[in-house]
Amino acid sequence: MNKLPLMALLLCSSPILAEEINNRLGECKDAKVLTGSMIADTPWDAMYPIKLLGFQISPTGSGAPSNSSSKTMCSCEDDLGIFVPGFTQSMYEPARIIELVREPDCMMTLGGAKLSMTNGRQRGTIGSNEQGAGQGAKPAFWHYHYFAYPLLLMLEMLTPSRCGDGYMSMDLLYFSELDPTWTDEELGFFANPESAIFANPISIASCVIDNAAAAVGEPIDSMFWCAGAWGQMYPTSGYVSNKSSIPTKTSLLATRTVAALHRRLLARRTMGDDALCSAPLFPTIPKSQYKMNMMYPVAERQSAHRIGQTSMTWGEWRTIPSQEDAVYMLWRYNDCCLTFY
């Protein structure tokens, strides 16, 4: 007689052991983002290049986006309709925090706090390749939480100006537990019907071009349905193939988060000549505008990576067993006109 099923039955029938297993599955860890890691784990070189009056005043870094502004002087309209002259300022700024968690309601960024939104339902998974009677490959799934994170203002390294987006401190902006399009791919299709256009072999194969571009320079903004080496942007749901690594899967979901918010006109394009005075809402994700760096479980302290850049160059080793959730800092390139008043 096989004793393993009997032992499993005995373990599960023990109330104490069952409660301990359930608590371990529901463990909500502290990512320690709001500690000394705000400084120590931030790749400050990711701010480069910094430009004033159109001239570079810092190291090159990863380079400015090709669609960024090259103007020296500018002018913006004030409340009275008068154009006020000024000069341009351009740089990458830490703007958002995106955390990917399997345990719903878990706020790793906020010290492991738990919000009572779902009562523990809709738990995520890293996926599996189990084969058996009635079983098959299961996709991975994570929830996301999207925070405003104006780190330079929070550390008083910059003063508030027209160049900001209005956020002065950390704030929870969006979370997937109450978004049915994130947990249901059919609802996600109706929210983004254009995904049907890109669900074909030609569109999928074309992402190889975006993959190569992200590897050697910057991703191609016009190919907004691609996320480089990470996969496809559509469907904008929390389900991804389990055949890639944890850094790749969580990076793809973090990018889908930003893409979905752009699609709903909840995110702005902050680079380019038309963004100098007021950043316009933009319906597709301008990938070259963004960079990301992992904050948890193993921080990227030296540099940030482009959207779609293969994890073989920055994060394939940033995986810890039992810590398969992730926190990313999102950097955003900001072209701004600093007016004289």
- Note on the structure: If the chain between L34 and D79 were fully extended at 0.36 nm per residue, the gain over the current Cα-Cα distance would be 12.5 nm
- Residue order, fewest to most beta carbons within 10 Å, for V240, V208, V258, V216: V216, V208, V240, V258
- Note on the structure: Summing +1 per Lys or Arg and -1 per Asp or Glu among the other residues with Cβ less than 14 Å from D210's Cβ gives 0
- For I97, what charge total do you get from the other residues with a beta carbon under 15 Å from its beta carbon, if Lys and Arg give +1 and Asp and Glu give -1? -4
- Note on the structure: For the chain, averaging the sequence separation of alpha carbon pairs under 8 Å that lie six or more residues apart and dividing by its residue count, the contact order in percent is 22 percent
- Proxy reagent accessibility, fewest Cβ within 10 Å first, across L53, L173: L53, L173
- Item | Phi-based couplings in Hz for the stretch 190-195 (Karplus 6.51, -1.76, 1.60; Gly and Pro marked x) | 5, 6, 10, x, 5, 4
- Task: Find out how many positive minus negative residues lie around R318, taking Lys and Arg as positive, Asp and Glu as negative, among other residues whose Cβ is under 13 Å from that of R318.
- Result: -3
- Evaluated at q = 0.08, 0.14, 0.16 Å⁻¹: base-10 log I(q)/I(0), Debye formula over Cα of the stretch 29-339: -0.35, -1.09, -1.41
- Item | With Cα atoms, 0 to 90° folded angle of helix 246-263 axis to the chain main axis | 50 degrees
- On Cα atoms only, tilt of 3-13 relative to the major axis of the chain in degrees: 70 degrees
- Return a whole-number percent for the relative contact order of the stretch 65-166, with Cα pairs under 8 Å and 6 or more residues apart as the contact set. 23 percent
- Would you list which lysines come within 27 Å of K51, measuring only between C-alpha atoms, while excluding same-chain residues fewer than 8 positions from it? K71, K287, K291
- Once amide H atoms are built 1.01 Å from N in the peptide plane, which residues 5 or more positions from K32, or in another chain, come under 5 Å H to H? G111
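Each reported figure results from applying straightforward, stated rules to the coordinates on display, with no laboratory input. Only a predicted model underlies this, so the values are computations on that prediction, with no experimental measurement involved. Neighbour counts are summed over all protein chains in view; Cβ atoms, including those assigned to glycine, are modelled from backbone coordinates with ideal geometry.
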